[in-house]
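Novice: Before anything else, here's the structure in question.
The values are calculated or read from the model by the stated rules, or taken from the named source; none is laboratory data. The structure presented is a predicted model; accordingly, all values stated were derived computationally and were not measured. Ideal geometry is used to build each Cβ from the backbone, glycine not excepted, and the neighbour counts take in all protein chains shown.
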Amino acid sequence: MNFGKKQISVVMCVKNRENEIERALKSVKKQKGVLEIIIVDGNSTDRTIEIARRYADKIYSDKGKGLAFARQLGAEKARGEYIAYIDSDTELPKDDLLIRMIEEMEKHGWVAIHAQLVNPRKNKTLWEYCEDMHLETRFNKPGERKYIGTIVCIVKRDIVLKYHFDPFMKYAAEDTEFWSRVGQEHKFGISRHVAFHYHRASFNDFVKQRIWYGKGNARAIAKHNAWKLLFVPLGIMAYGIFQALRCRKCIKCIPYYLVWGIALLYGTITGLVEVWGER
């Protein structure tokens with residue numbers, strides 16, 4: 001594949017990420033093959049936009065319409081053949097990472113690819129350690145998948161324009177819902193290449209994130225009438241206990257999975273109440 005011409009549009013969707021966005025943007029700026037860096041901001045009230053202006057080619061606002069709207073807006077404003085969705089809590093360790101991922105994606109005939117994720121911090125909290133264990137056992141395995149995320153992900157732009165991220169999915173799970181539709185006709189998977197991801201380090205941040213996931217889960221339930229998703233929190237807790245019994249170094253992750261399940265369930269319930277209120 002000839003990468004003489006730049007063809008990757010990086011889209012970063014952010015909100016109040018002043019403490020981490022510069023690290024991510026610095027690593028993106030070094031990437032080969034990047035045509036442009038697009039920031040879609042979710043009404044930040046800190047210095048996020050001030051920092052982003054030093055690196056971004058285009059900055060837009062999602063006007064508070066949520067993550068799925070932001071992802072779609074970024075793709076529609078992009079000019080590259082490929083969209084690289086890069087989260088602000090990541091870092092790309094090699095300057096040819098995105099190009100290598102595209103080469104791998106094209107080799108397999110996929111329409112999208114996601115990097116493996118590793119936390120580079122040395123002194124990790126319990127929540128970071130357990131997130132690493134979860135990624136190691138459930139995510140960081142190269143190959144075709146039914147679902148991938150959008151943390152460090154490359155997808156062909158025409159796929160996003162065809163299938164669209166649904167603005168109804170304004171919280172997390174917007175990507176899972178998107179891939180569930182794309183996967184009916186196309187293939188995608190996990191790369192053999194690695195990117196850095198700085199996980200939520202504190203109990204409070206971890207809980208807030210999982211509640212946010214739960215609200216996204218609620219919208220998936222409402223959109224697809226998928227009430228079986230109500231059992232996902234219980235499945236996560238059961239999986240955590242199962243892992244602890246079969247994996248010695250996973251024993252201390254039982255609280256991680258229990259908190260995850262409880263917070264996810266709370267987010268799902270409050271999210272369903274929110275959806276019913278909108279109707």
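Novice: Can you find a residue that is part of a strand (DSSP E or B) and over 19 Å from Val118 (Cα atoms) anywhere in segment 90-100?
Specialist: Taking segment 90-100 and keeping what is part of a strand (DSSP E or B), we get 90-91.
Among the residues that remain, those that are also over 19 Å from Val118 (Cα atoms) are: none.
No, that holds for no residue.
Novice: Can you tell me which residues in segment 5-24 are surrounded by fewer than 19 Cβ atoms within 10 Å (Cβ to Cβ) and either touching a Cys at 6+ places or on another chain (Cβ under 6 Å) or among the charged types (D, E, K, R) (or both)? Give the derivation first.
Specialist: Within segment 5-24, the first condition is being surrounded by fewer than 19 Cβ atoms within 10 Å (Cβ to Cβ), and the residues that meet it are 5-7, 15-16, 18-20, 22-23.
Selection gives Lys5, Lys6, Lys15, Glu18, Glu20, Glu22, Arg23.
Novice: Take Leu97 and decide whether it is over 19 Å from Tyr256 (Cα atoms), of a type outside the set (Lys, Arg) and buried (at least 17 other Cβ atoms within 10 Å of the Cβ).
Specialist: On the way: over 19 Å from Tyr256 (Cα atoms): yes; of a type outside the set (Lys, Arg): yes; buried (at least 17 other Cβ atoms within 10 Å of the Cβ): yes.
The answer is yes for Leu97.
Novice: Checking the condition basic (Lys, Arg) and either under 22 Å from Ala263 (Cα atoms) or under 16 Å from the mean Cα position of the chain (by Cα) (or both), which residue from Lys162, Lys146 passes? Break it down stepwise before answering.
Specialist: Values: Lys162 fails: either under 22 Å from Ala263 (Cα atoms) or under 16 Å from the mean Cα position of the chain (by Cα) (or both).
Testing whether each residue is basic (Lys, Arg) and either under 22 Å from Ala263 (Cα atoms) or under 16 Å from the mean Cα position of the chain (by Cα) (or both) leaves just Lys146.
Novice: I need the helices (runs of 4 or more DSSP H) fully contained in segment 4-86, keeping only those with at least 1 residues that are under 23 Å from Met101 (Cβ atoms) and not assigned by TED's automatic domain parsing to the domain that holds Trp212. Walk me through how you get there before you give the answer.
Specialist: Values: elements: 21-29, 48-52, 67-77.
Result: 21-29, 67-77.
Novice: Still on this structure, I have one more. Does Tyr256 qualify as being of a type in the set (Ser, Thr, Tyr), outside the structural domain of Ile154 (by TED's automatic domain parsing) and within 25 Å of Glu144 (Cβ to Cβ)? Write out each step before concluding.
Specialist: Numbers: of a type in the set (Ser, Thr, Tyr): yes; outside the structural domain of Ile154 (by TED's automatic domain parsing): yes; within 25 Å of Glu144 (Cβ to Cβ): no.
Taking the combined requirement at face value, the residue does not satisfy it.
Novice: If you check Ser27 against the conditions, is it of a type in the set (Gly, Ala, Ser), crowded, with 17+ Cβ neighbours inside 10 Å, touching a residue at least 12 places away in the same chain (Cβ under 8 Å) and over 27 Å from Lys156 (Cβ atoms)? Steps first, please.
Specialist: Details: of a type in the set (Gly, Ala, Ser): yes; crowded, with 17+ Cβ neighbours inside 10 Å: yes; touching a residue at least 12 places away in the same chain (Cβ under 8 Å): yes; over 27 Å from Lys156 (Cβ atoms): no.
When the stated conditions are applied, Ser27 does not pass them.
Novice: Further, regarding this structure: Got at least one residue in segment 163-175 being within 24 Å of Lys15 (Cα to Cα), among the small types (Gly, Ala, Ser) and modelled with pLDDT under 95? So that I can check it myself, show each step before the final result.
Specialist: First, the residues of segment 163-175 that are within 24 Å of Lys15 (Cα to Cα): 164-175.
Checking the rest, the ones that are also among the small types (Gly, Ala, Ser) come to 172-173.
Now drop any that are not modelled with pLDDT under 95, which leaves 172-173.
Checked against the condition, which is being within 24 Å of Lys15 (Cα to Cα), among the small types (Gly, Ala, Ser) and modelled with pLDDT under 95, segment 163-175 yields at least one hit.
Novice: Taking into account only those residues within segment 119-138 that are under 16 Å from Thr90 (Cα atoms) and of a type outside the set (Lys, Arg), which is surrounded by the most Cβ atoms within 10 Å (Cβ to Cβ)?
Specialist: The extreme case among them is Glu131.
Novice: Take Glu20 and decide whether it is touching a residue at least 40 places away in the same chain (Cβ under 8 Å) and touching a Gly at 6+ places or on another chain (Cβ under 8 Å). First the steps, then the outcome.
Specialist: Details: touching a residue at least 40 places away in the same chain (Cβ under 8 Å): yes; touching a Gly at 6+ places or on another chain (Cβ under 8 Å): no.
Judged against the criteria, Glu20 is not a match.
Novice: Can you pull out the strands (runs of 3 or more DSSP E) entirely within segment 123-234 that have at least 2 residues that are free of Cβ contacts under 8 Å to residues at least 60 places away in the same chain? If you could, list the steps in order and put the result at the bottom.
Specialist: Numbers: elements: 143-145, 152-156, 188-197.
Answer list for segment 123-234: 143-145.
Novice: Next question, about the same structure. Of the residues Glu76, Glu81, Glu20, only one is acidic (Asp, Glu), under 24 Å from Trp179 (Cβ atoms) and within 19 Å of the chain's Cα centre (by Cα); which? Full working, then the answer.
Specialist: Working: Glu81 fails: within 19 Å of the chain's Cα centre (by Cα); Glu20 fails: under 24 Å from Trp179 (Cβ atoms).
It is Glu76.
Novice: Next question. Here is a list: Arg181, Arg210, Arg246, Arg200. Which entry is crowded, with 19+ Cβ neighbours inside 10 Å and out of contact with any strand residue (DSSP E or B) (no Cβ under 9 Å at 6 or more places or on another chain)?
Specialist: On the way: Arg181 fails: crowded, with 19+ Cβ neighbours inside 10 Å; Arg246 fails: crowded, with 19+ Cβ neighbours inside 10 Å; Arg200 fails: crowded, with 19+ Cβ neighbours inside 10 Å.
So the residue among Arg181, Arg210, Arg246, Arg200 that is crowded, with 19+ Cβ neighbours inside 10 Å and out of contact with any strand residue (DSSP E or B) (no Cβ under 9 Å at 6 or more places or on another chain) is Arg210.
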